[in-house]
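In what follows, a structure is listed as structure tokens, so that the remarks can point back to it.
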Amino acid sequence: MKLLPRFPSAAFLGSGCGCLRAGLKGLRSLLYPPFCTVCALPTEAGAHLCGGCAAEAAQLKWWAPALCRRCSRPFWGAAPLPEVCVECQQWSPAFDCVVAPCRFGGVVREVVHQFKYDGKRHLRHIVCGWMQDGLEDARLRDPPAEVLVPVPLHWWKHRLRGFNQAEVLAAELSGSNGLRMIGALRRVRSTGTQTRLAREERRANVRGAFATRLECERQIQGRHVLLVDDVLTTGATLDACAGALLRGGAASVRALTAARG
Ligand SMILES: [Zn+2]
Ligand SMILES: [Zn+2]
């Protein structure tokens, strides 16, 4: 997991640059105080989670004995377990699968909330660490994804929050994996907050809410697209985005989120 912000390493600074090194260290502790972002206990220098919270987050990863191959819904029953959950047997989403390595609870929920709503963008390193594990999932390797597309925010929400969390995550993953990020989607209408809506209502609410940007269509046509968002809840938004990408000419759409609600 990449926890350290991008500051020059001690090796790079060399032993003769003590003042500069001390100055940067001071600046780093000013920007990122050495306290756990979740429980405020002291942490190792440069880490945003203490040992206890990091261990809890690790327990929330790949949290069920088996998952639905399509939507990553956990299966808790006894073997033999189906490949696809009952809901995915009745519903055919436009995406091939969603990989979501963590359960959206406890430390994971707190970190994602602070990243998204409290403007703590440096926590992207923790969230992307979880997503990086998700990229190793066999469902995303065959065939390998060719481009990353973030789920877009409506412009007023973007302005209110100051950034699109999906775009920040996709940019980080793009840099560390050599995959091109393309802002190929736009919201054609606001969908409001979906948190209080039931599954069917969410699907109806986001239907037709996304479209591809004409100027980006050539970059996704015939490509295997990996859609990026922070959290999967019902999959309605990812389904609507995947539908728009397929209509825009993408060869296939899979999705990656840090966590599943
Ligand atoms: Zn902690
Ligand atoms: Zn499923």
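The values are calculated or read from the model by the stated rules, or taken from the named source; none is laboratory data. As the structure is a computational prediction, the values presented were derived from the model and not from experiment. In this analysis, Cβ positions are derived from the backbone assuming ideal geometry, glycine residues included, and neighbour counts consider all displayed protein chains. Surface accessibility is based on the protein's heavy atoms, side chains included, excluding ligands, DNA and RNA. Shrake-Rupley method; radii C 1.70, N 1.55, O 1.52, S 1.80 Å.
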Exercise. Of all residues in segment 194-233 being in contact with a Gly (Cβ under 8 Å, 6 or more places away or on another chain) and assigned to a loop (DSSP other than H, G, I, E, B), which is nearest to R70 (Cα to Cα)?
Worked result: T233
Exercise. Is one or more of the residues making up segment 151-164 open to solvent by 10 Å² or more (accessible area, probe 1.4 Å), of a type in the set (G, A, S) and either touching a strand residue (DSSP E or B) at 6+ places or on another chain (Cβ under 6 Å) or part of a helix (DSSP H, G or I) (or both)?
Worked result: no
For this session: Please tell me if R180 is under 21 Å from the mean Cα position of the chain (by Cα), modelled with pLDDT under 95 and in the same structural domain as C102 (by TED's automatic domain parsing).
Result: no
Exercise. Do we find that S176 is in contact with a helix residue (DSSP H, G or I) (Cβ under 8 Å, 6 or more places away or on another chain), among the polar types (S, T, N, Q) and assigned to a loop (DSSP other than H, G, I, E, B) in this structure?
Worked result: no
Exercise. If you scan segment 130-150, which residues turn out to be open to solvent by 70 Å² or more (accessible area, probe 1.4 Å) and either under 16 Å from A100 (Cα atoms) or not assigned by TED's automatic domain parsing to the domain that holds S252 (or both)?
Worked result: E136, R141
Problem set entry | Qualifying helices (runs of 4 or more DSSP H) (wholly inside segment 36-129; at least 2 residues being loosely packed, with under 14 Cβ neighbours inside 10 Å, within 16 Å of ligand 2 (Cβ to nearest atom) and free of Cβ contacts under 8 Å to residues at least 40 places away in the same chain) | 86-90
For this session: Determine whether E172 is surrounded by 16 or more Cβ atoms within 10 Å (Cβ to Cβ) and of a type in the set (D, E, K, R).
Result: yes
For this session: Could you please find all residues in segment 200-216 being loosely packed, with under 12 Cβ neighbours inside 10 Å and within 18 Å of L232 (Cβ to Cβ)?
Result: E200
Exercise. Of the conditions (1) closer than 23 Å to L41 by Cα; (2) out of contact with any strand residue (DSSP E or B) (no Cβ under 8 Å at 6 or more places or on another chain); (3) assigned by TED's automatic domain parsing to the domain that holds L246, R109 fails just one. Which one is it?
Worked result: (2)
